[in-house]
Amino acid sequence: MNTYAALLIMALTVYMIRLLPLLFLRRELKNRFLRSFLHYVPYVTLAVMTFPAILEVTENPLAGALALIAGLITAWVNGDLFLVAVTCCAAVFLTGLIL
Amino acid sequence: MSERQQASTSVISWLKRGLRDGFPICMGYFAVSFALGIAARRIAMTWLQAGLMSMGLVASAGEFAALVLLESHAGVIEMVSTCIVVNLRYFLMSCALSQKLSPELPLYHRFFLAQGITDEMFALCTAVDGWLVPAYSYGMMIISIFGWTLGTILGVLAGNILPAQVVAALSVSLYGMFLAIIIPPARRDAFIGGLVAVSMLASWLFSVLPVLRTITGGFKVIILTVLLAGAAALLRPLEDEHPETEQGGQS
């Protein structure tokens, strides 16, 4: 198959996955369980994606662990998105320099 | 100020806020997509093909899967079904995001907003109070899809120019963002804090226990999200109140 055709098929498939719920759930859900479920989805999803993946993305798991700790502390004290992201990066970079 | 003027000022300020909040996403995306570009180069994709792939799919794990499919010359059925499985979490996110959109929002916005449903942008969009203003999402999409696509293209063209240390450091910025989103609510609300801790623990168990370890990343996210968010909804359902309508409320 032509690469461009394959890319188009894949892009359309992924787009549909994202679009259909937005199109079909146009009203606030009345069901209390479903509303609660969807309320908790982001917390679980993001937590699952963060740990232990953050330890595996850097070559040295220690750097990832330090980034995690630095990020947890910064987020706890001051939730600013940019600051937390930069702190995590700095932790990995400094660990790389020292080790 | 007339109502119309007021509305357009708030659109511009939301757009700016989206661009600002999208900046760390852009940085993180750049690092991840750079690695993606290097992988694309390995299977002999051109920079144009890789750039179009990133603009069209806007999905990290999804695009790594796409490379495998392209390399193995997979058929249409395998291609479509793999894409659905690997990206199924976006379906859940889209369901959740639908509840952040005002029922009065013009329909066409939904077609544009759909392309911006990624782990990171979803996280930010659900973190705003009240209804989501589409301009916020658009600001974020402009800067982060730009970074994602540019990173992929540069990865193809200049695979090994950035020092490995810098790439390694940039790659954790996405996780930093996730922490910035889940930790402050976890601090305010012990139930959410517990949920976050249990989620991380379960995720870790899934990566070390035999059998469970063989479940791929996309599936792990789906299984744990359904189980744990479902359990949380049973344990502590939301109060029966509806989100305040912000638009047209206070002036």
Given labels modelled 7 Å from the Cα in the Cβ direction, how far is it in nm from B:Thr9 to A:Asn2? 5.2
Estimated FRET transfer efficiency (B:Leu48, B:Phe219; beta-carbon r; R0 22 Å; 0.05): 0.10
Return the distance in nm (one decimal) between the two label points of a simple spin-label model at B:Lys16 and B:Leu235, each offset 7 Å from Cα along Cα→Cβ. 4.2
Using a 10 Å cut-off on Cβ to Cβ distances, tally the other chain neighbours for every residue of B:25-38 and report the average as a whole number. 1
Ranked by Cβ crowding within 10 angstrom, fewest neighbours first, how are B:Ile222, A:Ile17 ordered? B:Ile222, A:Ile17
If r is the Cβ-Cβ distance from B:Val198 to A:Leu97 and R0 is 30 Å, what FRET efficiency results, to the nearest 0.05? 0.25
Hey, can you list the DSSP H helices of chain A whose Cα span along the axis is 30 Å or longer and whose average Kyte-Doolittle score is at least -1.0? A:3-24
For B:Asp189, B:Asp21, B:Asp129, order by how many other beta-carbon atoms lie within 10 Å, fewest first: B:Asp129, B:Asp189, B:Asp21
Karplus (6.51, -1.76, 1.60) ³J(HN,Hα), θ = phi - 60°, over the stretch B:61-76, in Hz, Gly and Pro reported as x: 4, x, 7, 5, 5, 4, 5, 4, 5, 5, 5, 8, 6, 5, x, 4
Computed label-point distance, nm, for sites B:Ala158 and B:Glu71 using a 7 Å Cα→Cβ extension: 2.5
Taking neighbour Cβ counts within 10 Å as the exposure measure, how do B:Trp148, B:Trp131 sort from fewest upward? B:Trp131, B:Trp148
Please give the residues of the stretch B:59-73, grouped as numeric ranges, whose backbone N is less than 14 Å from a label point set 7 Å along the Cα-to-Cβ vector of A:Met16. none
Pick from A:Ala47, A:Ala70, A:Ala11 the residue whose mean-square fluctuation is largest in a GNM of chain A, springs joining Cα atoms under 10 Å. A:Ala11
Specify, per residue and in Å³, the volume enclosed by the convex hull of the alpha carbon atoms belonging to the stretch A:3-98. 173
Given a Förster distance of 22 Å, report the FRET efficiency between B:Phe111 and B:Leu88 from their Cβ-Cβ distance, rounded to the nearest 0.05. 0.60
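Determine the gain in length on full extension of the stretch B:Ile142-B:Val226; use 0.36 nm per residue of separation and subtract their C-alpha separation, reporting nm with one decimal.
Contour length minus Cα-Cα distance gives 27.2 nm.
Here, each number is a calculation from the coordinates, and none is a lab measurement. Predicted model, so just to flag it, every value in this text is computed and none were measured. When we count neighbours, we look across all protein chains shown, and the Cβ atoms used for this are built from the backbone with ideal geometry, even at glycine.
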